[in-house]
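The values are calculated or read from the model by the stated rules, or taken from the named source; none is laboratory data. Keep in mind it's a predicted model, so treat the numbers as computed, not measured. Every residue, glycine as well, gets a Cβ built from its backbone with ideal geometry; the counts of neighbours run over all protein chains shown. Surface areas here come from the heavy atoms of the whole protein model, side chains and all, with no ligands, DNA or RNA. Shrake-Rupley method; radii C 1.70, N 1.55, O 1.52, S 1.80 Å.
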Amino acid sequence: FLMLKHLIKNIKAGDSVLDLGSGSGILSIAAYLYKASKVIAIEHDEDCKNNFLENLQINGIDSYNIDFIIDDVLLWEVVNQDIVLANINKNIIKELIPNFKNTKSKILLSGLLEEDQNEIQSILKLENVNLIHIHKYNEWILMVIQND
């Protein structure tokens, strides 16, 4: 919910989007439907591929419109898209944060609980990554980060 809400709020037609930990592809599909020029979906779990492709079909999207790549998100070094989505667990987000310190991308981090907020904020500060906004919904939080 938080990711979709903030993706829709932040995306502009023509933006490029990187979806780290894409799972079933819902966020990638939403980005494409909101006119992203390029969507790359990275997923570590090969078992998600069939579900991802099925969701593309259900939404009438040809598989060549979204690049679905099986890879470890922690090894993905090209982070120069307009928007980066990371709706994954706290431990992976903690390891990803250093990869974001040299990008101008707007990055949406979620899959985090309210109790994770201080720890993630400390890592962002340590890595000199700017926290722009925090949105809370029930016990969940979403963080928007972006460097100058």
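Below, the figures for the structure above:
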| read-out | value |
| --- | --- |
| For Leu20: the one exception among (1) touching a helix residue (DSSP H, G or I) at 6+ places or on another chain (Cβ under 9 Å); (2) over 15 Å from Leu109 (Cα atoms); (3) touching a residue at least 12 places away in the same chain (Cβ under 8 Å) | (2) |
| In region 111-148, residue most open to solvent (accessible area, probe 1.4 Å) [restricted to those that are acidic (Asp, Glu) and part of a helix (DSSP H, G or I)] | Glu115 |
| Selection status of Leu85, surrounded by 13 or more Cβ atoms within 10 Å (Cβ to Cβ), closer than 19 Å to Asp15 by Cα and in contact with a helix residue (DSSP H, G or I) (Cβ under 9 Å, 6 or more places away or on another chain) | yes |
| Unique residue being closer than 20 Å to Lys12 by Cβ, acidic (Asp, Glu) and over 13 Å from the mean Cα position of the chain (by Cα) when the list is Asp148, Asp71, Asp116 | Asp148 |
| Those residues of region 25-52 which are closer than 15 Å to Ala86 by Cα and open to solvent by less than 40 Å² (accessible area, probe 1.4 Å), in sequence order | Gly25, Leu27, Ser28, Ile29, Ala30, Ala31, Val39, Ile40, Ala41, Ile42, Glu43 |
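Listed here are the residues, each with its yes/no results for (1) at pLDDT 90 or above; (2) open to solvent by 50 Å² or more (accessible area, probe 1.4 Å); (3) part of a loop (DSSP other than H, G, I, E, B); (4) under 13 Å from Ser22 (Cα atoms).
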position	(1), (2), (3), (4)
Glu54	yes, yes, no, no
Gly60	yes, yes, yes, no
Leu96	yes, no, no, no
Leu109	yes, no, no, yes
